[in-house]
Structures are given as C-alpha cells and as structure tokens.
Amino acid sequence: MDNGNGANSLIILALPLLLLGWMFWSANRRTKQMRQFNSSLNVGDQVVTSSGIFGTIRHLDDISAHLEVADGLIMRFDRRAVAMKQADVTAPQPARPQSDDSSEPGQ
C-alpha cells in the first residue's frame, strides 16, 4: 500500500517543478519576441506605445524613440515603451460631435 503514497509524493514534487520550468520557458520566449520586435523597428514605422499613444518613428537610438504624434509635435519615449506597430492594431475612430439640434421633441 506504500506504492500509492510514493506516487502521490512524486506527483506533489513534480508539479511545482514542471510549473517553474514552464514559467521560465514562457518568460524566455517573450523576451526573445520583444528583442526581435525592437530590432525590427525602423524610422518611418507607425507604432503604438504601451500607454496607447499613436505616432510615427522619426528617430531611433539604443535607448529612446522619437515619435511624431501630431504635425510638428515630436515626443521622446523609452524604446521599450513602443508596444506594437500600428498595422497590427486599428486606430480608434474619433467621436462625432453631437449636433445641437433644437428640433428634438421635449425642448
């Protein structure tokens, strides 16, 4: 009857080790993907930052990215803050201004 207890103990020890292995593997994969993405950035790419700011890369160096977010407005970001290329996400549509129509009933 001790075989059942030994197998249970083995499972209890193996599961945390498998979980740790999976966590390290996924973290390494994510780090590799981010390195590849950062190396693929070029001047002129339309990107989105991690804070949701849309812009076009105007200058890149090892540490920062200068993004033009409006005509003539260039902002400097840490290069790691560039989250994705704009082609990967659709830009939100601007809200339509509500008309001040006084012909509505009840006014």
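No value in this document is a laboratory result; all are computed from the given coordinates. Nothing here was measured: the structure is a model prediction, and the numbers come from that model. So basically every Cβ, Gly included, is an ideal-geometry build from the backbone, and we count neighbours across all protein chains shown.
Given their separation in residues at 0.36 nm each and the Cα-Cα distance between them, ASP61 and ALA87 gain 7.2 nm when the chain is fully extended.
With both labels modelled 7 Å from their Cα along Cα-to-Cβ, the MET34 to ALA14 distance reads 3.3 nm.
For segment 43-91, the fraction of C-alpha pairs farther apart than 17 angstrom is 20 percent. What FRET efficiency would be calculated for the residue pair PHE54, ARG76, taking the C-beta separation as r and a Förster radius of 22 Å, to the nearest 0.05? According to the calculation, E is roughly 0.90.
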